[in-house]
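The values are calculated or read from the model by the stated rules, or taken from the named source; none is laboratory data. All figures in this text were calculated on a predicted structure; none of them were measured in a lab. Glycine gets a Cβ as well: all are built from the backbone with ideal geometry, and neighbour counts include every protein chain shown. Each accessible area value is taken on the protein alone, full model and side chains, heavy atoms only, with ligands, DNA and RNA left out. Shrake-Rupley method; radii C 1.70, N 1.55, O 1.52, S 1.80 Å.
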There are 2 protein chains.
Amino acid sequence: MTQTLTIRRPDDWHLHLRDGDMLRAVLPHSAGHFARAIIMPNLVPPVVTGADAAAYRDRIRAALPEGSAFTPLMTLYLTENTDAGDVAQAYADGLIHAVKLYPAGATTNSASGVTDFSRVSHVLEKMAEIGLPLCTHGEVTDTAVDIFDREAAFIDRVLDPIRTAHPDLRVVMEHITTSDAVDYVLASDRNLAATITTHHLVINRNHILAGGIRPHYYCLPVAKRESHRLALRRAATGGDPRFFLGTDSAPHTDANKLLPCGCAGCFTAPNTLSILAEVFEQEDALDRLEGFTSLHGPAFYGLPVNEETLTLVRETPDFPAHIDTPDGPVTVFDPAMPLHWTA
Amino acid sequence: MTQTLTIRRPDDWHLHLRDGDMLRAVLPHSAGHFARAIIMPNLVPPVVTGADAAAYRDRIRAALPEGSAFTPLMTLYLTENTDAGDVAQAYADGLIHAVKLYPAGATTNSASGVTDFSRVSHVLEKMAEIGLPLCTHGEVTDTAVDIFDREAAFIDRVLDPIRTAHPDLRVVMEHITTSDAVDYVLASDRNLAATITTHHLVINRNHILAGGIRPHYYCLPVAKRESHRLALRRAATGGDPRFFLGTDSAPHTDANKLLPCGCAGCFTAPNTLSILAEVFEQEDALDRLEGFTSLHGPAFYGLPVNEETLTLVRETPDFPAHIDTPDGPVTVFDPAMPLHWTA
């Protein structure tokens with residue numbers, strides 16, 4: 001039985017770090033395991049311009065533990081007022097690595113997102129021209145659409161039209177949750193990839209709603225039925241380079257989770273690698289873990305793979321139920337299964 | 001435009017009153033509008049014997065506001081140790097009006113429920129013989145079954161076999177949430193009815209999960225997708241006597257709702273009639289409200305209709321967001337729409 005597993009140092013291709021006290025509290029949990037991360041721009045106010053991204057990058061760097069080599073890969077929040085020239089300059093400067101599309105109102109701090117997609121087509125055209133990826137929160141916000149159908153509807157109504165209009169645009173479907181999304185990626189011939197979170201490989205919607213309501217398992221896109229979880233596991237562990245890790249680790253204090261209208265997000269930064277090793281071992285695919293965490297992402301983003309390594313050891317990990325922050329405790333995602341690997 | 005609506009005093013064919021301080025706090029909200037209610041037996045410990053039911057009935061009577069004519073219709077909690085003779089005697093004494101079947105683990109305080117249905121067949125046979133209705137919490141508890149499929153699976157795996165084995169057994173499918181259940185009732189030729197809650201006529205699962213997680217909308221069976229809600233509205237407002245009101249009003253303190261694993265239940269006793277009038281008016285079926293609230297239930301249970309009346313007035317009702325109880329505040333169900341009728 002394998003006792004240690006050494007892989008190139010992982011990257012997290014979808015991460016929420018927040019700002020201020022929360023940034024300082026959660027950053028060490030990602031920086032301890034990951035070399036780089038695509039940093040979500042949905043602050044309040046959002047990270048919209050190159051100048052915003054440079055300032056946020058500097059705040060992240062300032063919050064890093066001493067000696068950390070963690071590199072934040074910055075993104076911009078696409079709004080209907082986004083300046084294509086500013087985007088192109090930020091990319092040319094090596095400052096940003098993606099632009100994030102949030103349908104207005106789709107998730108935490110998305111009020112500045114896009115309502116009329118035709119208003120951003122000139123930005124998408126510029127991004128296609130220069131090779132800058134678009135990351136999508138793939139849910140329609142039409143309240144008439146069932147919450148569990150919103151990802152599939154987004155593919156049909158928004159994503160496929162965008163990709164047809166901009167065939168050279170490189171797109172990352174973020175935190176996919178359905179077999180529909182997996183199939184859409186598999187059917188593409190180029191310029192399309194998808195990130196998969198840790199928690200969507202572990203939970204289905206029963207974890208949220210059966211025998212009690214569990215806000216700590218609630219994220220957006222919400223976990224779907226078991227058949228979708230199994231499709232995600234096949235995609236993540238199958239070795240296809242179009243699928244790679246984006247944890248979507250998203251800290252909210254317990255006070256903000258356990259509300260009459262609780263916030264969406266699972267905080268997986270501390271135990272993601274232990275959980276992933278468990279999942280990949282369950283699927284008899286430990287040899288493919290490195291591809292998912294460390295190889296496929298850089299290949300899509302056109303970045304070098306990390307030279308440093310990380311070694312997982314077969315030891316029962318010991319994670320706290322929550323981390324303390326100045327804003328209050330943040331519950332660490334509970335995988336609801338024994339873990340056997342320590343990163 | 002109709003300004004007042006006078007109907008025979010309603011009955012609630014599915015109600016949770018709890019015990020002790022909570023009983024005293026919530027009972028006036030039902031007793032103020034309803035003449036009778038089928039009282040759920042899922043206390044801790046459950047109401048299992050005729051003696052338990054008599055004692056609980058007496059506690060409810062003692063908790064009634066002075067001068068109230070409210071009549072609790074008692075039920076027994078079916079366990080694998082239930083004594084058929086005790087059940088028959090309690091029914092003969094006029095003490096109980098139904099026996100409740102909870103699959104073990106299906107909902108709040110259901111741990112004493114039935115795991116092996118063959119162990120209760122002698123009780124069901126006796127009930128069929130004497131005409132005592134069985135009320136069912138219609139969800140399988142097989143964790144492999146998706147939470148949204150559990151009612152349909154219960155019909156196939158449990159209810160239909162029970163009804164085939166005991167064709168004379170009178171059954172009430174409680175708090176139905178799916179078009180599958182509506183269709184099953186409609187396809188029956190006898191001995192089958194269903195209750196429908198107030199909240200399931202108002203919310204679908206988007207209310208629980210879209211744009212934030214809302215524990216106060218969480219109940220079991222959980223609300224399903226919109227097409228099911230519409231099927232329930234057609235059933236409730238269509239005049240078919242096999243469908244009648246069972247609010248399933250279920251008080252939990254906010255502290256017990258807003259937990260990492262929050263309790264299931266919506267507290268609708270204070271505003272149920274205002275909400276129902278709104279729903280029936282939206283469906284252009286105000287003339288059928290009385291059937292749903294006051295006629296169909298007594299007909300199925302073989303009880304006289306109430307002679308007293310209740311008059312609804314077209315006035316904006318004023319409900320508190322929560323009621324205070326010695327155990328803490330209990331949030332009143334928010335219908336998320338303007339109401340125009342006061343009961």
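Among the residues making up segment A:176-204, none is within 14 Å of chain B (Cβ to nearest Cβ), of a type in the set (A, V, I, L, M) and open to solvent by 10 Å² or more (accessible area, probe 1.4 Å).
The number of residues in segment A:117-138 that are open to solvent by less than 10 Å² (accessible area, probe 1.4 Å) and more than 18 Å from the chain's Cα centre (by Cα) comes to 4.
Meeting the requirement of 2 or more residues that are over 30 Å from B:ALA153 (Cβ atoms), the strands (runs of 3 or more DSSP E) wholly within segment B:1-114 are B:4-8, B:71-77. Kindly indicate whether any position in segment A:139-154 is crowded, with 19+ Cβ neighbours inside 10 Å and of a type in the set (Ser, Thr, Tyr). Yes, segment A:139-154 has at least one match. The listed residues are A:ASP180, A:ASP156, A:ASP146, and the only one of them that is touching a helix residue (DSSP H, G or I) at 6+ places or on another chain (Cβ under 7 Å), on the phi < 0 side of the Ramachandran plot and without any contact (Cβ under 8 Å) to a residue 24 or more places away in the chain turns out to be A:ASP146.
A single entry from A:MET22, A:MET74, A:MET40 fulfils the requirement of being open to solvent by 10 Å² or more (accessible area, probe 1.4 Å), hydrophobic (A, V, I, L, M, F, W, C), closer than 21 Å to A:ALA269 by Cβ and at pLDDT 95 or above: A:MET22. Quick check: is even one residue across segment A:93-109 over 21 Å from the mean Cα position of the chain (by Cα) and modelled with pLDDT of 95 or more? For segment A:93-109, residues over 21 Å from the mean Cα position of the chain (by Cα) and modelled with pLDDT of 95 or more: present.
If you go through segment A:238-267 and pick out every residue that is assigned to a loop (DSSP other than H, G, I, E, B) and hydrophobic (A, V, I, L, M, F, W, C), you end up with 7. Residues that are part of a loop (DSSP other than H, G, I, E, B), within 25 Å of B:CYS135 (Cβ to Cβ), more than 13 Å from chain A (Cβ to nearest Cβ) and open to solvent by 10 Å² or more (accessible area, probe 1.4 Å) do not occur anywhere in segment B:272-283. Whether any residue in segment A:3-13 is crowded, with 21+ Cβ neighbours inside 10 Å, in contact (Cβ under 8 Å) with a residue 60 or more places away in the chain, touching a Pro at 6+ places or on another chain (Cβ under 9 Å) and not aromatic (Phe, Trp, Tyr) is what I want to check. Among the residues of segment A:3-13, at least one is crowded, with 21+ Cβ neighbours inside 10 Å, in contact (Cβ under 8 Å) with a residue 60 or more places away in the chain, touching a Pro at 6+ places or on another chain (Cβ under 9 Å) and not aromatic (Phe, Trp, Tyr), which makes the answer yes.
Regarding B:SER294, is this residue surrounded by 22 or more Cβ atoms within 10 Å (Cβ to Cβ) and either touching an Asp or Glu at 6+ places or on another chain (Cβ under 8 Å) or in a loop (DSSP other than H, G, I, E, B) (or both)? Criteria met by B:SER294.
Condition check for B:VAL114 on (1) over 26 Å from B:ALA165 (Cβ atoms); (2) within 20 Å of the chain's Cα centre (by Cα); (3) surrounded by 18 or more Cβ atoms within 10 Å (Cβ to Cβ); (4) more than 14 Å from chain A (Cβ to nearest Cβ): one failure, at (1). Checking each residue in segment A:77-106 for being touching a Pro at 6+ places or on another chain (Cβ under 8 Å) and open to solvent by 20 Å² or more (accessible area, probe 1.4 Å) picks out only A:HIS97.
Restrict the check to segment A:159-169 and report whether at least one residue is at pLDDT 95 or above, facing chain B (nearest Cβ under 10 Å) and open to solvent by less than 10 Å² (accessible area, probe 1.4 Å). No: zero hits.
Residue count for segment A:205-261 under the criterion of being in contact with a strand residue (DSSP E or B) (Cβ under 8 Å, 6 or more places away or on another chain), at the interface with chain B (Cβ under 9 Å from one of its Cβ atoms) and among the acidic types (Asp, Glu): the result is 1. Looking across segment A:218-242 at every residue that is in contact (Cβ under 8 Å) with a residue 60 or more places away in the chain and not basic (Lys, Arg), the one that is surrounded by the fewest Cβ atoms within 10 Å (Cβ to Cβ) is identified as A:VAL222.
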